[in-house]
Amino acid sequence: QVQLVESGGGLVQAGGSLRLSCAGSGRTFSTIAMGWFRQAPGKEREFVGALSSSGVVTYYADTVKGRFTIARDNAKNTVYLQMNNLKPEDTAVYYCAAGKSASLLRSGVVDYWGQGTQVTVSS
């Protein structure tokens, strides 16, 4: 069992930056892939990015590629989402996710979810 707790959301102006954190519990954290999804009001939850357990393999949605970066610190059981050059269309609840592989996360196959953190980007 893995429990995930996100933090770091908030309100930011367009062009600004935020860093989200996701703290995971359990001794298996270093062996699982981690990712981020988001859900805007009235829209379906969508994939943002994923990172393999080793941190070598990464995937990003085209809408965030070049602006968002996922990183992990297995010693701290934490994964991060650095978001730069934020746009109003990035406004959403962001969810941390864990799964068997980064490719499966990209396909929407998620084993564990966090509770979500709100990110609001004002224009």
- Message: So, in region 32-78, how many residues would count as being over 14 Å from LEU105 (Cβ atoms), touching a residue at least 40 places away in the same chain (Cβ under 8 Å) and in a strand (DSSP E or B)?
- Response: 2
- Query: List pairs: first in region 17-31 and without any contact (Cβ under 8 Å) to a residue 40 or more places away in the chain, second open to solvent by 30 Å² or more (accessible area, probe 1.4 Å), Cβ under 6 Å, 6+ apart or cross-chain?
  - Reply: THR31/SER53
- Checking ASN77 against (1) polar (S, T, N, Q); (2) in contact with a Phe, Trp or Tyr (Cβ under 6 Å, 6 or more places away or on another chain); (3) closer than 19 Å to VAL12 by Cα, which test does it fail? (3)
- Can GLY116 be described as buried (at least 16 other Cβ atoms within 10 Å of the Cβ), touching a residue at least 24 places away in the same chain (Cβ under 8 Å) and over 23 Å from GLN13 (Cβ atoms)? no
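Which of the residues that make up region 81-94 are in a strand (DSSP E or B) and surrounded by fewer than 19 Cβ atoms within 10 Å (Cβ to Cβ)? Give the derivation first.
The initial filter retains those residues of region 81-94 that are in a strand (DSSP E or B), namely 81-83, 92-94.
Correct list: GLN82, VAL93.
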- Task: Would you confirm whether any residue within region 106-121 is within 17 Å of VAL2 (Cβ to Cβ), touching a Leu at 6+ places or on another chain (Cβ under 9 Å) and part of a strand (DSSP E or B)?
- Result: yes
- Message: Can you pull out every residue in region 8-41 that is under 19 Å from ALA75 (Cβ atoms), open to solvent by less than 30 Å² (accessible area, probe 1.4 Å) and β-branched (Val, Ile, Thr)?
- Response: ILE32
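In this structure, does GLY15 turn out to be in a loop (DSSP other than H, G, I, E, B), out of contact with any Asp or Glu (no Cβ under 9 Å at 6 or more places or on another chain) and at pLDDT 95 or above?
Working: in a loop (DSSP other than H, G, I, E, B): yes; out of contact with any Asp or Glu (no Cβ under 9 Å at 6 or more places or on another chain): yes; at pLDDT 95 or above: yes.
When the stated conditions are applied, GLY15 passes them.
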- Message: Could you check region 88-110 and list, in sequence order, the residues that are more than 14 Å from the chain's Cα centre (by Cα) and within 23 Å of SER25 (Cβ to Cβ)?
- Response: LYS100, SER101, LEU104, VAL109
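Quick check on this structure: which one of ALA71, ALA50 is farther than 22 Å from THR120 by Cβ, of a type in the set (A, V, I, L, M) and open to solvent by 30 Å² or more (accessible area, probe 1.4 Å)? Reasoning before the result, please.
Working: ALA50 fails: open to solvent by 30 Å² or more (accessible area, probe 1.4 Å).
None of the others qualify; the one that does is ALA71.
The values are calculated or read from the model by the stated rules, or taken from the named source; none is laboratory data. Note that the coordinates shown come from a computational prediction; the quantities given were computed from them, not determined experimentally. Every residue, glycine among them, receives a Cβ derived from its backbone with ideal geometry; neighbour counts consider all protein chains shown. To get the accessible areas, we keep the full protein, side chains included, count just its heavy atoms, and leave off ligands, DNA and RNA. Shrake-Rupley method; radii C 1.70, N 1.55, O 1.52, S 1.80 Å.
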